[in-house]
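Remarks on the structure that follows.
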Amino acid sequence: MADLNSILTPGMIVRHPDRPGWGDGQVQSNIDGRITVNFREEGKVVLDGSKVALILVSAAG
């Protein structure tokens with residue numbers, strides 16, 4: 001299984017698989033597996049990339 005989280009870069013649009021109510025989020029940073037995403041309905045969230053597999057919506061930010 002490819003680790004999508006490792007290729008996430010700022011500007012990419014993602015969704016959290018377990019939190020659909022958060023809406024789409026824009027990746028702000030991805031440093032050592034800690035991914036900061038600004039979600040439309042939840043705001044800025046820092047996620048542990050080893051615990052959640054984000055869903056890529058758009059590679060163009």
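Every number in this text was worked out from the coordinates using simple rules, so none of it is lab data. Since this is a predicted model, take the numbers as computed values, not measurements. Heads up, the Cβs are rebuilt from the backbone with ideal geometry, glycines too, and the neighbour counts pull from every protein chain shown.
For residue 44, only one of the following conditions fails: (1) out of contact with any Ser or Thr (no Cβ under 8 Å at 6 or more places or on another chain); (2) touching a residue at least 12 places away in the same chain (Cβ under 8 Å); (3) exposed (fewer than 12 other Cβ atoms within 10 Å of the Cβ); (4) among the charged types (D, E, K, R). What is its number?
With respect to (1) out of contact with any Ser or Thr (no Cβ under 8 Å at 6 or more places or on another chain); (2) touching a residue at least 12 places away in the same chain (Cβ under 8 Å); (3) exposed (fewer than 12 other Cβ atoms within 10 Å of the Cβ); (4) among the charged types (D, E, K, R), residue 44 is out only on (1).
I need the full set of residues from the stretch 10-23 which are over 9 Å from the mean Cα position of the chain (by Cα) and not hydrophobic (A, V, I, L, M, F, W, C), in order please. Outline the logic, then answer.
In the first step, residues of the stretch 10-23 are kept if they are over 9 Å from the mean Cα position of the chain (by Cα); the result is 10-11, 17-23.
Listed by number, the residues that qualify are 10, 11, 17, 18, 19, 20, 21, 23.
Would you check which residues across the stretch 11-36 are farther than 13 Å from residue 57 by Cα, of a type outside the set (Asp, Glu) and out of contact with any Pro (no Cβ under 8 Å at 6 or more places or on another chain) and list them? Talk me through it step by step, then tell me what you get.
So in the stretch 11-36, the residues farther than 13 Å from residue 57 by Cα come out as 18-19, 21-22, 28-36.
From what is left, the residues that are of a type outside the set (Asp, Glu) are 19, 21-22, 28-31, 33-36.
Within the stretch 11-36, 19, 21, 22, 31, 33, 34, 35, 36 meet the criteria.
Cβ contacts < 7 Å: first residue part of a loop (DSSP other than H, G, I, E, B), restricted to the stretch 9-31; second residue buried (at least 18 other Cβ atoms within 10 Å of the Cβ) and among the aromatic types (Phe, Trp, Tyr), any location; separation 6+ or different chain. Result?
Cβ pairs passing all conditions: 23/39.
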